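Worksheet for the structure shown next.
The values are calculated or read from the model by the stated rules, or taken from the named source; none is laboratory data. Here the structure is a predicted model, which means the values were calculated and not measured. All Cβ positions, even for glycine, are placed from backbone atoms using ideal geometry, and neighbour counts span all protein chains on display. When the accessible area is computed, the model is the full protein with side chains, heavy atoms only, and any ligands, DNA or RNA have been set aside. Shrake-Rupley method; radii C 1.70, N 1.55, O 1.52, S 1.80 Å.
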Amino acid sequence: PVPGRLWRWEAAESVVGERDLWLRDAQTGEGEKFLGAERLRPEGADKGLEVEEFQTSADESKFLIFTNRRRDWRYPTRGDYWVVDTAGGAPRRLGAGLEPESLMFAKFSPDGERVAYVSGGDLYVESWRSGDITKLSPEGPATLIEGTSDWVNEEELDLRDCFRWSPDGSCIAFWQF
């Protein structure tokens, strides 16, 4: 993100009860609508996504939307993630075939073409365009968790999100508990 710019959710101009995403100059308040509420509506849905958090790809051409948040231990870190491409098309839900509302800590790869996330104690990478999912976690006992921490580390050290992309996107470093 460029300093001096502010992302703001504002009441939608075209859809009552939904929000548009605006990009505004932090000093002047002037700006432009970046994503209209209609762009946040999945195919076949009668309502747009209720955005709880979002992040952009490095080039700000894609948005990773976090919805349906629910608690995991102490914090609401599980939910659903959707990718919205500013070039067009409906939002695409990540984690097809995985339990709904089970994804955690999703992050774009540096090039914005893949997303890594944790689900069920395992670490995955997904090509958001094709939907191809690769499990990165090695096979092991069900007591192992990768990419997130156990409850003790979460509670005592505030450690939850335990993986990072390499700067070139070729590798992911993750902790195993």
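For segment 154-171, the condition holds for at least one residue, the condition being that it is at pLDDT below 90 and either more than 18 Å from residue 105 (Cα to Cα) or polar (S, T, N, Q) (or both).
Being out of contact with any Ser or Thr (no Cβ under 9 Å at 6 or more places or on another chain) and under 18 Å from residue 124 (Cβ atoms) holds for only one residue in 97, 88, and it is 97. Does residue 117 satisfy the criteria of being open to solvent by less than 10 Å² (accessible area, probe 1.4 Å) and within 11 Å of the chain's Cα centre (by Cα)? Criteria met by residue 117. In segment 158-167, the qualifying residues are those that are part of a loop (DSSP other than H, G, I, E, B) and under 22 Å from residue 135 (Cβ atoms), and the one that is farthest from the chain's Cα centre (by Cα) is 166. The strands (runs of 3 or more DSSP E) found wholly in segment 99-157 and carrying at least 3 residues that are touching a residue at least 24 places away in the same chain (Cβ under 8 Å) occupy 103-108, 114-119, 122-127. Counting only strands (runs of 3 or more DSSP E) wholly contained in segment 1-84, the ones carrying 3 or more residues that are surrounded by fewer than 14 Cβ atoms within 10 Å (Cβ to Cβ) occupy 5-11.
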